[in-house]
Structure formats: structure tokens, C-alpha cells
Amino acid sequence: MVPAGTGNGMVKSLLDAVGQPCSASNAVLAVIRGHKCSLDVATILQGETRFFSVLMLAWGLIADIDIESEKYRWMGSARLDFYALQRLLHLRHYNGCVSFMPAPGFEDYGEPTAYHGEPTNEKSPTLENSVKIQWHGYHGSDVKLENKHWRTISGPFISVWLHNVPWGSEDCMAAPKAKFSDGCLDLIIVRDCPKLSLLSLMSKTNDGSHVKSPHVTYIKVKAVVLEPGPRVEDPAKEGIIDSDGEVLARGKGSYKCDQKALMAYDKLQLTVDQGLATLFAPV
């Protein structure tokens with residue numbers, strides 16, 4: 001991978017791990033040298049629809065900033081900081097629920113719950129298309145989620161962020177404890193947080209110290225079920241679910257909600273295949 005966008009979180013994570021600056025020349029040298037590392041791949045599932053994610057999934061504040069700031073793309077990467085300030089001034093809270101299968105050591109977060117089966121979607125592809133997808137494509141993780149230890153955290157939420165690697169962009173260390181192939185996703189949740197504290201918290205994402213805030217819940221998980229809901233301030237409007245910079249789902253009244261999305265703004269599930277992908281790495 002060579003950095004050529006406004007985020008470049010994956011390349012930043014690779015190069016930062018060995019103390020190198022995130023630059024196109026360093027990334028190209030890593031490819032030429034040919035060293036490799038394994039990378040976890042998350043399967044996002046809703047009915048017969050699957051999306052494979054290598055970087056992150058966001059819902060709430062981070063997704064709104066990432067997607068709605070597209071209107072300011074002419075500003076370059078500064079668009080993210082500019083629009084983040086706008087969103088902080090007009091902060092949104094979202095109802096919903098996050099259920100997760102915790103990694104060892106994180107079993108005490110949230111409240112006990114049970115796994116209720118795979119999410120469905122009435123807008124799934126036709127049976128004929130579904131069979132074609134399953135026959136020719138990778139099915140996703142086959143991990144068994146029933147009869148496992150599940151926990152749940154209920155909203156309202158300001159932000160729900162799942163990360164596969166430490167850096168979300170060149171200046172945002174979203175998940176400082178994330179590893180490339182540990183079989184886990186890092187879940188970062190913000191619920192109750194005053195605006196001034198949230199502004200301070202956002203400024204600390206450049207070194208990962210935001211996860212130490214009492215307003216942040218930081219957990220390693222093996223699987224997640226996300227049930228997104230409407231905005232608290234305006235229940236007629238919903239949000240956006242974003243993965244790897246692409247829109248997965250647009251709820252009612254959200255930015256460009258008239259455009260077709262891959263999934264419905266409804267319950268979806270994430271599981272992890274440990275080390276499924278391979279990356280060229282600096283060492």
C-alpha cells in the first residue's frame with residue numbers, strides 16, 4: 001500500500017510500527033523489500049450482504065465527520081478537522097445498542113446478554129444473486145457465536161468506533177493497543193461527554209491518549225452486533241455507518257440518504273478472521 005489519500009491509516013500504522021514517517025517513498029521501499037505481515041479481516045454481515053473491512057467501522061460522530069465532510073474535499077485533509085469542529089458545536093447523540101463477544105480480560109464491560117442470531121435484511125439480494133455470491137466469493141468468518149460469552153452496552157452514543165489497526169489516519173491514533181493480526185477488533189465508545197471535554201478528547205487522538213479518558217470505553221472484542229438507532233435530538237433522523245471510508249448504510253434524514261447504500265440502516269454483525277490478509281511491511 002502507498003499513501004495517496006486523505007486518511008492513509010493503514011500505511012501510517014505499518015510505518016509507525018517501525019518508527020518511519022508516513023511517506024510514499026517509505027511505503028514503496030517496503031513493497032520493494034518484500035517483507036510481509038499478516039492482517040486480520042473483519043466480515044460485516046447483514047442478511048446475504050457481506051462487506052470485508054481491513055481498517056475500521058464507525059457510527060455516530062466519527063462516521064458523520066468522515067462522510068459528511070466530503071462536501072469540503074477541496075480542503076484536503078484539513079476538511080476533517082474543520083468539519084469535526086462543526087459537529088462538536090452541533091453535537092448529535094444516537095440511540096442504539098452494541099453487543100460484543102469480549103476478548104480475554106474484557107469480560108466485565110457492559111451487561112450480560114445472549115447472541116440472538118445473524119442479522120437479516122429484507123432488502124437482501126435475490127436468492128439467485130445470493131447463491132452466485134456464495135458460490136464464487138469468500139463467505140466470511142465461520143466462527144461459532146452461539147453459547148459464547150456476550151455483553152452489551154446501550155446508548156445513547158456519541159460515537160461507536162471499531163478499529164483493526166492503531167491509526168485511522170496520519171494524525172489520528174484511534175486504537176493505540178490494536179495489533180495487525182491478534183484476531184480482535186478494538187472497540188472505542190463515547191457516550192456521555194460534555195462538549196468541552198469532547199473537544200479536549202478529540203485533540204488527544206493524535207497520540208492515542210484519548211482512550212484514557214473516563215468518557216471513553218476501550219475494549220478488545222472478538223465479534224460485535226451493532227443495532228443503530230435514531231438521533232436523540234431528532235428521532236425522525238438517523239445516522240450513517242461507515243467502513244474503511246465507504247458508506248455501508250444511510251439512515252432516514254442522513255447526508256445523501258436518497259443514494260442507495262450496500263446495507264440497510266439496521267442491525268449488522270462483525271466477525272474477525274485472524275491473519276487472513278497479507279501486507280507488504282517495512283520489516
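The residue list Leu91, Leu45 contains one member that is aliphatic (A, V, I, L, M), in a loop (DSSP other than H, G, I, E, B) and either over 23 Å from Gly7 (Cα atoms) or at pLDDT below 95 (or both), which is Leu91. Residues of the stretch 262-280 that are out of contact with any Ser or Thr (no Cβ under 7 Å at 6 or more places or on another chain), open to solvent by 30 Å² or more (accessible area, probe 1.4 Å) and within 27 Å of Ser13 (Cβ to Cβ): Leu276, Phe280.
Rundown of residues vs (1) under 18 Å from Arg250 (Cβ atoms); (2) not small (Gly, Ala, Ser), yes/no style:
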residue: Leu39; (1), (2): no, yes
residue: Thr43; (1), (2): no, yes
residue: Leu57; (1), (2): yes, yes
residue: Tyr72; (1), (2): no, yes
residue: Gly76; (1), (2): no, no
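For the stretch 105-113, check the following and say yes or no: at least one residue is closer than 30 Å to Tyr138 by Cβ, among the hydroxyl-bearing types (Ser, Thr, Tyr), touching a Ser or Thr at 6+ places or on another chain (Cβ under 8 Å) and open to solvent by less than 30 Å² (accessible area, probe 1.4 Å). So far as the stretch 105-113 goes, no, none of its residues is closer than 30 Å to Tyr138 by Cβ, among the hydroxyl-bearing types (Ser, Thr, Tyr), touching a Ser or Thr at 6+ places or on another chain (Cβ under 8 Å) and open to solvent by less than 30 Å² (accessible area, probe 1.4 Å).
In the stretch 71-87, what residues are open to solvent by 30 Å² or more (accessible area, probe 1.4 Å) and either within 19 Å of Trp161 (Cα to Cα) or β-branched (Val, Ile, Thr) (or both)? Within the stretch 71-87, Leu80, Asp81, Leu85 meet the criteria. Is the stretch 148-161 home to any residue that is in contact with a Ser or Thr (Cβ under 9 Å, 6 or more places away or on another chain) and modelled with pLDDT under 90? No, the stretch 148-161 has no match at all. Selection within the stretch 5-63: residues that are among the acidic types (Asp, Glu) and open to solvent by 50 Å² or more (accessible area, probe 1.4 Å). The member of this set that is farthest from Cys184 (Cα to Cα) is Glu48. Given the structure, is Lys177 among the charged types (D, E, K, R), open to solvent by 20 Å² or more (accessible area, probe 1.4 Å), in a strand (DSSP E or B) and within 28 Å of Thr6 (Cα to Cα)? For Lys177, the condition - among the charged types (D, E, K, R), open to solvent by 20 Å² or more (accessible area, probe 1.4 Å), in a strand (DSSP E or B) and within 28 Å of Thr6 (Cα to Cα) - is not met.
Can you confirm whether Cys172 is open to solvent by less than 80 Å² (accessible area, probe 1.4 Å), in contact with a helix residue (DSSP H, G or I) (Cβ under 8 Å, 6 or more places away or on another chain), at pLDDT 85 or above and within 24 Å of Asp242 (Cβ to Cβ)? Yes.
Just one of the listed residues (Thr217, Thr205) is at pLDDT 95 or above, surrounded by fewer than 23 Cβ atoms within 10 Å (Cβ to Cβ) and of a type in the set (S, T, N, Q), namely Thr217.
Name every residue in the stretch 6-24 that is free of Cβ contacts under 8 Å to residues at least 40 places away in the same chain and closer than 28 Å to Ser69 by Cβ, in order of residue number.
The first filter runs over the stretch 6-24 and keeps only residues free of Cβ contacts under 8 Å to residues at least 40 places away in the same chain, leaving 11, 19, 21, 23-24.
The answer is Val11, Pro21, Ser23, Ala24.
The values are calculated or read from the model by the stated rules, or taken from the named source; none is laboratory data. Since we're looking at a predicted model, the values are computed, not measured. Counting neighbours? That spans all protein chains shown, and the Cβs are built from the backbone with ideal geometry, glycine included. Just the protein is used for accessible areas: all its heavy atoms, side chains included, with ligands, DNA and RNA removed. Shrake-Rupley method; radii C 1.70, N 1.55, O 1.52, S 1.80 Å.
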